[in-house]
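This report concerns only the one structure given below.
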Amino acid sequence: MQPFAYTRATTASEAVKALAAAGAGARFLAGGTTLYDLMKLNVERPVSIIDVNALTELSHVDTSGPNELVFGALARMSDVAADTRLIRDYPALSESLWRAASQQLRNMASVGGNLLQRTRCAYFRGGEPFACNKRKPGSGCAAQEGLDRGHALLGGSESCIAVYPGDWAIALVAFDAAVDVLGPKGERTIPLEHLHREPGTSPEVETVLEPGELILRIRVPVTSVGRGSTFHKIRDRESYAFALASAAAAVQLEGDTVRYARIAIGGLATRPWRAREAERSLMGKTLTAETARAAGDAALHGARAGRDNGFRIELGARTVADALMIAKERASR
Ligand SMILES: Cc1cc2nc3c(=O)[nH]c(=O)nc-3n(C[C@H](O)[C@H](O)[C@H](O)COP(=O)(O)OP(=O)(O)OC[C@H]3O[C@@H](n4cnc5c(N)ncnc54)[C@H](O)[C@@H]3O)c2cc1C
């Protein structure tokens, strides 16, 4: 047990000030389902925890506005997943939450904390003696020579090939979501597509958040492309498992012809991955099993296999293709 200080903030600015005052080893606490987990593994060792659960204004969800959907960072995954407008008009968003974790976890976990969950790479979570540049910068990457079945095919570097594990961010990236954050220098907005970094030579820096920045809310522009959407997740077992490959796909059709397409893939890359080349490959085309598969191949363009993970290139392409056909069926209703 590592001792740590505990503070319960009552406003967002108080939380940000408390975190800044506590210094580098401080963490915000939302549902705790990532943070406590990693503390028990001795991977996270915060000296100070700033509990933000009393910030009730951050639990607000509004999916009825004409321009955007708003999800307070502290809204619980299960509440957002069950939102009736989301289920009807943006099934990919709702499904990405339903297909994550377990009901108990979804009842605790916040949609803001979800974005910042950390990789499930066994060498990261396993601690010593495994080398992990993300956990201990400069120590190496045991996955490069180790068991890489679940590791990234896209966006990796010599320093790190750990997969970004979350589902919600994949669906959000497909819908051009953004996050509003509050930090010591004030409030700013970050497109979700730019929130997470590729590892490069500094895999320990996972996002573009500045020290002490608190996610306030997630905003998604209203779009008619949402109805024809799905979050398709392939895993080793049907429930309560992370993705081997996933795809958020949304299409709008004129007849059988694609007018708009949105595709993002998960479980395959070091960050949430928008597949714009795949989207472009569909524009103006008839959506068939063949064009969907070609889009799947385009989404995986540039994928680099290691020792054991090469099968997920084919799996990823098929996942995208299947997601597109599900989206087509919904868009045609
Ligand atoms: C067994 C298990 C299975 C899981 N399966 C899946 C799965 O299949 N798919 C999936 O997507 N997820 C899965 N998860 C991950 C789970 O969804 C996340 O742990 C959860 O969403 C994190 O939210 P939280 O509120 O508990 O975050 P916390 O643990 O409280 O925080 C996580 C991190 O985010 C920071 N943080 C939290 N809120 C904010 C904020 N508002 N602003 C800035 N920083 C913040 C914290 O400091 C911490 O570093 C699983 C987790 C477990 C334990």
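Evaluated with a Cβ-only charge set (Lys, Arg +1; Asp, Glu -1), the chain carries a dipole of roughly 280 debye about its Cα centre, given to the nearest 20.
A dipole drawn for segment 1-140 from +1 and -1 charges on Cβ atoms has a positive end, and of ASN42, SER78, PRO66 the residue lying farthest that way is ASN42. Using a probe radius of 1.4 angstrom, the carbon and sulfur fraction of the accessible surface of segment 1-122 is 55%. Dividing the convex hull volume of the alpha-carbon atoms in the chain by its residue count gives 126 Å³ per residue. Taking a straight Cα-Cα cut-off under 22 Å and skipping sequence neighbours fewer than 8 places away in the same chain, the lysines within cross-link reach of LYS233 are LYS328.
Solvent exposure of HIS232, expressed as accessible area, is near 40 Å², computed with a probe of 1.4 Å over the protein chains only. In the full protein context, segment 185-318 carries 46 Å² of accessible surface per residue, based on a 1.4 Å probe and ignoring ligands, DNA and RNA. In a simple Cβ point-charge model (Lys, Arg +1; Asp, Glu -1; nothing else charged), segment 1-140 has a dipole of about 640 debye relative to its Cα centre. Carbon-plus-sulfur fraction of the accessible area of segment 271-314, 1.4 Å probe, in percent? The C+S portion of the solvent-accessible surface of segment 271-314 is 52 percent. Considering only alpha-carbon pairs that sit under 8 angstrom and 6 or more positions apart, the relative contact order computed for the chain is 16 percent.
Whole-Hz Karplus values for segment 200-212 come out as x, 9, 9, x, 6, 9, 9, 9, 8, 5, 7, x, x Hz, taken residue by residue from phi with 6.51 cos²θ - 1.76 cosθ + 1.60 and θ = phi - 60°; glycine and proline positions read x.
Each Cα pair under 8 Å and six or more residues apart adds its separation to the average, and for segment 210-255 the resulting relative contact order is 36 percent.
Around the Cα centre of segment 238-333, unit charges on the Cβ atoms of Lys, Arg, Asp and Glu (plus for the first two, minus for the last two) sum to a dipole of about 300 debye.
With the simple spin-label model, which puts each label point 7 Å out from Cα in the Cβ direction, the ARG149 to ARG307 separation comes to 1.3 nm.
In the frame of its principal axes, segment 1-110 has Cα extents of 46, 30, 18 Å, reported largest first. Within a straight-line Cα-Cα reach of under 17 Å, LYS185 can be paired with the following lysines, leaving aside sequence neighbours fewer than 8 residues apart in one chain: LYS17. Taking a straight Cα-Cα cut-off under 23 Å and skipping sequence neighbours fewer than 8 places away in the same chain, the lysines within cross-link reach of LYS40 are LYS134, LYS136.
The residue list LEU182, ALA247, LEU216 was ranked by how far each Cα lies along the charge dipole of segment 174-333 toward its positive end, using unit charges on Cβ atoms, and ALA247 comes out on top.
Enter the angle in degrees (range 0 to 90, nearest 10) between the Cα long axis of helix 311-331 and the first principal axis of the Cα atoms of the chain, meaning the one along which they spread out most. Roughly 70 degrees, rounded to the nearest 10. Ligands, DNA and RNA excluded, the heavy atoms of SER59 present near 60 Å² of accessible surface to a 1.4 Å solvent probe.
The values are calculated or read from the model by the stated rules, or taken from the named source; none is laboratory data. The model shown is predicted, which means the values in this text are computed figures rather than measured ones. Neighbour counts are summed over all protein chains in view; Cβ atoms, including those assigned to glycine, are modelled from backbone coordinates with ideal geometry. Surface accessibility is based on the protein's heavy atoms, side chains included, excluding ligands, DNA and RNA. Shrake-Rupley method; radii C 1.70, N 1.55, O 1.52, S 1.80 Å.
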